[in-house]
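To start, the structure itself, in structure tokens.
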Amino acid sequence: MVLKEYNKTAVNVIGYTDSTGSQDLNMRLSQQRADAVASSLITQGVEANRIRTSGMGPANPIASNSTAEGKAQNRRVEITLSPIQ
């Protein structure tokens, strides 16, 4: 796994939702999505202390929330790497 090879990096896992539902619900759901991906990474051997999770709710959509296809694209998890300081 690439993330295990680059072991001098922090793994940032960010969850998102579409705009359906309340802000509170979407914030919790996006955090749960990020946590689920983080758990999977840990199961695959990525060290837990390298992983940071956050839920952004419906912020930063990548598609329109006015169509089913756009909403599906906005329900996502993004993973970025950054050097460990």
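The values are calculated or read from the model by the stated rules, or taken from the named source; none is laboratory data. This structure is a prediction, so every number in the text was calculated from the model and none was measured. Glycine gets a Cβ as well: all are built from the backbone with ideal geometry, and neighbour counts include every protein chain shown.
Among residues of the stretch 8-34 that are of a type in the set (K, R), those with a beta-carbon under 8 Å from a residue that is surrounded by 14 or more Cβ atoms within 10 Å (Cβ to Cβ) and in a strand (DSSP E or B) at least six positions away or on a different chain give the pairs R28/G55; R33/G15; R33/G55; R33/V77.
When R50 is tested against (1) within 21 Å of V2 (Cβ to Cβ); (2) surrounded by fewer than 18 Cβ atoms within 10 Å (Cβ to Cβ); (3) among the charged types (D, E, K, R), just one condition goes unmet, and that condition is (2). Within the stretch 60-85, the set of residues being free of Cβ contacts under 8 Å to residues at least 24 places away in the same chain, within 19 Å of R33 (Cβ to Cβ) and either of a type in the set (G, A, S) or in contact with an Asp or Glu (Cβ under 6 Å, 6 or more places away or on another chain) (or both) comprises A63, A68. The single condition among (1) modelled with pLDDT under 95; (2) closer than 13 Å to V77 by Cβ; (3) not small (G, A, S) that I51 does not satisfy is (1).
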